[in-house]
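The values are calculated or read from the model by the stated rules, or taken from the named source; none is laboratory data. Because the structure is a prediction, the values reported are computed rather than measured. Note that each Cβ is placed from the backbone with ideal geometry, even for glycine, and that neighbours are counted across all protein chains shown.
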């Protein structure tokens, strides 16, 4: 994979920062304390904010790049998937996410990554839409809400029904699946054998 432009710029650094935040998020979650969860919430919220700022800054500063288009969604995937896995592993008390939900979310991301690779290999671009961004925003918002629900519970501030996080994650899973199906419907030709003349000049 070749990137012909400068990689180190503000939008790309913002995207990379989401990956850098992951170990700190994991550490704070591993503390299994109220303060740890509050810190993890702050870190995740800040990391999610960079998802808005990298695209805005790229357009504002005229620093859109092929590397940016590659690292932005990849950083989203790492952040969301690692956060969901950490929530399950570090605090099984939540009991909110069925294994099949994780399989769908991870499977969708693997599918898109393969399709993006096939598109790059053919010198083409993967056809995207705002639906993918909406899906990511919904995933991140849902994780924030789930952590907030747990904080409210353990602090004794209020009681919430135990099924609320489950239904939130079910909504995330359904939206993620629909997003993957849309990508597959629009870009299905990438899975066909490449013919002479198909490669973009």
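General observations
- Just one of (1) surrounded by 15 or more Cβ atoms within 10 Å (Cβ to Cβ); (2) free of Cβ contacts under 8 Å to residues at least 24 places away in the same chain fails for residue 106. It is (2).
- Filtered residues of region 112-125 (kept if closer than 16 Å to residue 71 by Cα and surrounded by 15 or more Cβ atoms within 10 Å (Cβ to Cβ)): 112, 115, 116, 119, 120
- Residue within region 82-93 that is exposed (fewer than 15 other Cβ atoms within 10 Å of the Cβ), at pLDDT below 85 and not in a helix (DSSP H, G or I) present: no
- Meets criteria (closer than 27 Å to residue 153 by Cα, more than 15 Å from the chain's Cα centre (by Cα) and part of a helix (DSSP H, G or I)) for residue 79: no
- Contact annotation: residue pairs with Cβ atoms under 6 Å, 6 or more positions apart or on different chains, pairing a residue in region 127-141 that is without any contact (Cβ under 8 Å) to a residue 40 or more places away in the chain with a partner that is part of a helix (DSSP H, G or I), are 138/175.
- Enumeration of residues in region 96-130 that are modelled with pLDDT under 80 and within 13 Å of the chain's Cα centre (by Cα): none
- Positions within region 139-174 being crowded, with 17+ Cβ neighbours inside 10 Å and closer than 20 Å to residue 77 by Cα, in sequence order: 139, 140, 142, 143, 146, 147, 168, 169, 172, 173
- Of all the listed residues (40, 58, 45), the sole one being part of a helix (DSSP H, G or I), at pLDDT 85 or above and buried (at least 18 other Cβ atoms within 10 Å of the Cβ) is 40.
- Unmet requirement for residue 14, which otherwise passes all of (1) farther than 30 Å from residue 119 by Cα; (2) surrounded by 20 or more Cβ atoms within 10 Å (Cβ to Cβ); (3) at pLDDT below 90: (1)
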